[in-house]
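In what follows, a single structure is set out as structure tokens and then discussed.
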Amino acid sequence: MVLVGRDGVRRWIGAETHVALIRHFGPHDDEKRLPIFPLLLSDTRADALPAFLNLFQAHEWTGIDPLPTELLNQISGRISVTSVTARIEGCPYVGLAAYTPKQAHLFFGRQKETLHALSYFNGRRGGPPVRWLQIEGNSGSGKSSLMNAGLLPLIGEGLLWRRTGFECWIRIGPMMPGVHPVDMLAEHLARAFSGPHRQEEMADIRHRLESSDDRALAEWLRGRKSPDNDTAFLLALDQFEELFTFAEEEQRRRFDRPLCGSGRP
Ligand SMILES: Nc1ncnc2c1ncn2[C@@H]1O[C@H](COP(=O)(O)OP(=O)(O)O)[C@@H](O)[C@H]1O
Ligand SMILES: [Mg+2]
């Protein structure tokens with residue numbers, strides 16, 4: 001059972017929910033699935049439920065009244081019931097295009113893969129931090145959609161907190177490297193941090209990316225962290241292979257260097 005208060009699902013509950021979701025969506029055999037029952041306390045609204053947890057029917061509970069009989073029956077029968085509250089407006093099919101992060105509510109059937117992929121960002125004590133996830137597969141197998149509508153929204157909801165120590169993630173991209181990956185990176189960085197002085201910001205980033213100091217980008221990003229050091233940055237590249245197929249050699253080198261030499265931004 002996941003008890004959800006008005007602040008929604010965060011930090012420890014989020015970490016435990018992640019484990020529970022893996023145990024629900026992981027097994028092939030329905031018998032082995034962990035049943036999940038979200039319980040909304042007091043004034044909590046169902047839209048406080050994060051992705052994937054909102055696929056289960058939620059019950060409201062005051063904490064004083066007895067639990068609804070329907071829920072007790074579901075618990076004793078270990079029956080997870082799918083939510084029927086999600087309303088989809090318009091056509092739910094996105095056609096030949098990949099799903100975008102804003103279409104996460106239309107993206108189904110990849111829960112297991114999404115949770116699995118996030119598990120790679122492990123926080124194993126003593127081991128080197130995993131900072132890189134590469135998704136490979138045949139053309140049309142759903143790589144872009146998995147990243148856009150699966151991983152990115154969950155990371156945005158703070159799901160990586162327990163694994164990485166960072167709850168707040170600033171997303172840069174998804175960006176296509178193209179012929180001029182450094183210019184694209186500058187543009188997407190400016191977009192991610194767009195303030196009132198976007199043009200000046202972009203000139204500043206470009207200057208840093210052109211600098212021979214490989215740590216210039218990391219320094220610039222460090223200045224954009226929250227004071228409590230709870231912020232991490234995520235660069236989403238799609239398609240990565242453009243760095244090898246399209247990118248100009250000099251731009252590729254300049255793109256690669258600051259990322260490799262950035263330490264732990
Ligand atoms: N979970 C899904 N359910 C339904 N259609 C999907 C799903 N994932 C991807 N698609 C569709 O499959 C096609 C290929 O997806 P895409 O993410 O572009 O793959 P790739 O990046 O591997 O080439 C697109 O038409 C996309 O809308
Ligand atoms: Mg793709």
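If I go through region 202-219 residue by residue, how many of them are basic (Lys, Arg) and assigned to a helix (DSSP H, G or I)? Reasoning before the result, please.
Initially, region 202-219 is screened for residues basic (Lys, Arg), giving 206, 208, 215.
Narrowing further to those that are assigned to a helix (DSSP H, G or I): 206, 208.
Residues in region 202-219 being basic (Lys, Arg) and assigned to a helix (DSSP H, G or I): 2 in total.
Given the conditions (1) within 16 Å of ligand 1 (Cβ to nearest atom); (2) of a type in the set (S, T, N, Q); (3) modelled with pLDDT under 90, and given that GLN111 satisfies all but one, which numbered condition is not satisfied?
Every condition holds for GLN111 apart from (3).
Based on what the data block shows, is ILE135 more than 16 Å from ligand 1 (Cβ to nearest atom) and either in the same structural domain as PRO50 (by TED's automatic domain parsing) or within 25 Å of ARG252 (Cβ to Cβ) (or both)?
Numbers: more than 16 Å from ligand 1 (Cβ to nearest atom): no; either in the same structural domain as PRO50 (by TED's automatic domain parsing) or within 25 Å of ARG252 (Cβ to Cβ) (or both): yes.
Spelling it out, it is not the case that ILE135 is more than 16 Å from ligand 1 (Cβ to nearest atom) and either in the same structural domain as PRO50 (by TED's automatic domain parsing) or within 25 Å of ARG252 (Cβ to Cβ) (or both).
Of all residues in region 234-250, which are over 15 Å from ASP183 (Cα atoms) and free of Cβ contacts under 8 Å to residues at least 40 places away in the same chain?
GLU241, PHE244, THR245
Any idea how many residues of region 64-108 are away from ligand 1 (no atom under 16 Å from the Cβ) and surrounded by fewer than 10 Cβ atoms within 10 Å (Cβ to Cβ)?
10
Is there a residue in region 167-174 that is modelled with pLDDT of 85 or more, out of contact with any helix residue (DSSP H, G or I) (no Cβ under 8 Å at 6 or more places or on another chain), farther than 16 Å from ASP238 by Cα and assigned by TED's automatic domain parsing to the domain that holds LEU106? First the steps, then the outcome.
Going residue by residue through region 167-174, those that are modelled with pLDDT of 85 or more are 167-174.
With out of contact with any helix residue (DSSP H, G or I) (no Cβ under 8 Å at 6 or more places or on another chain) added as a condition, the list becomes 168.
The next check asks that each one be farther than 16 Å from ASP238 by Cα; those that pass are 168.
Cutting the leftovers down to assigned by TED's automatic domain parsing to the domain that holds LEU106 gives us 168.
Yes; the residues of region 167-174 include at least one that is modelled with pLDDT of 85 or more, out of contact with any helix residue (DSSP H, G or I) (no Cβ under 8 Å at 6 or more places or on another chain), farther than 16 Å from ASP238 by Cα and assigned by TED's automatic domain parsing to the domain that holds LEU106.
The values are calculated or read from the model by the stated rules, or taken from the named source; none is laboratory data. The structure presented is a predicted model; accordingly, all values stated were derived computationally and were not measured. For neighbour counting, all protein chains shown are included, and Cβ atoms are generated from backbone atoms with ideal geometry for every residue, glycine included.
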